[in-house]
C-alpha cells in the first residue's frame, strides 16, 4: 500500500479523489454507533502550536455533528521491544481505548505520525474498528481511509459534507 498522491486519498485500499473520500468519511461517521475522535493533546489541551485553537474549534464542531467524544493522545513513546502496553502507554492510547470501549469508527486527527502509525497498525490488526486518518502530512497506509495535508480548511470542508449529508438523511 502506498500513500495517496497530492489531492488524492485512500479509501479501503483504493486511490480516490479527496471529495469522494470526504463523502465516504461522512457516511461512515454518521452511521457509526459509537464513534471517537483521537487528536493530539497539543491541539486540544495545550494549544500553543500555531493554528491549534482553530483546529480545536473545528474538531469540537465535528464531534458534535457526529456524536463522538474527543480523546487526547499525548506523545509518549514506550520502550520497545519490552513494551507492556497497559503500563507503558498513556491511558488514551488509541488501541487500548478502542479495545476496551467498543468504538466502531475512530478518526485520528493531528497525531504525530510515528505514534499514529503504531496505533493504527494495532487497531487494524486487533479490532473491527473502522479507522480514518486525517493527517497533516502524507497520510497513514494502515488506516482504512486516509487523507493527507489535512488542516483547518479540509476539516471545515468535511464538516460541511457531514452537515449536508445529515440534512439529506433527515428528509
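Summary of values
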{"read-out": "For 161, 107, order by how many other beta-carbon atoms lie within 10 Å, fewest first", "value": "161, 107"}
{"read-out": "Cα centroid separation - region 151-171 against region 11-64, whole Å", "value": "11 Å"}
{"read-out": "Contour excess over end-to-end distance, with Cα ends at residue 149 and residue 13 and 0.36 nm allotted per residue", "value": "47.1 nm"}
{"read-out": "Fully extended contour minus Cα-Cα distance, from residue 121 to residue 54, at 0.36 nm per residue", "value": "21.2 nm"}
{"read-out": "Theoretical FRET efficiency, 1/(1+(r/R0)^6), r = Cβ-Cβ of residue 104 and residue 167, R0 25 Å, to 0.05", "value": "0.60"}
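Where a number appears in this text, it was derived from the coordinates with a stated rule and is not lab data. Quick caveat, the model's predicted, so the values are computed rather than measured. Virtual Cβ from ideal backbone geometry, glycine too; neighbours counted across all protein chains shown.
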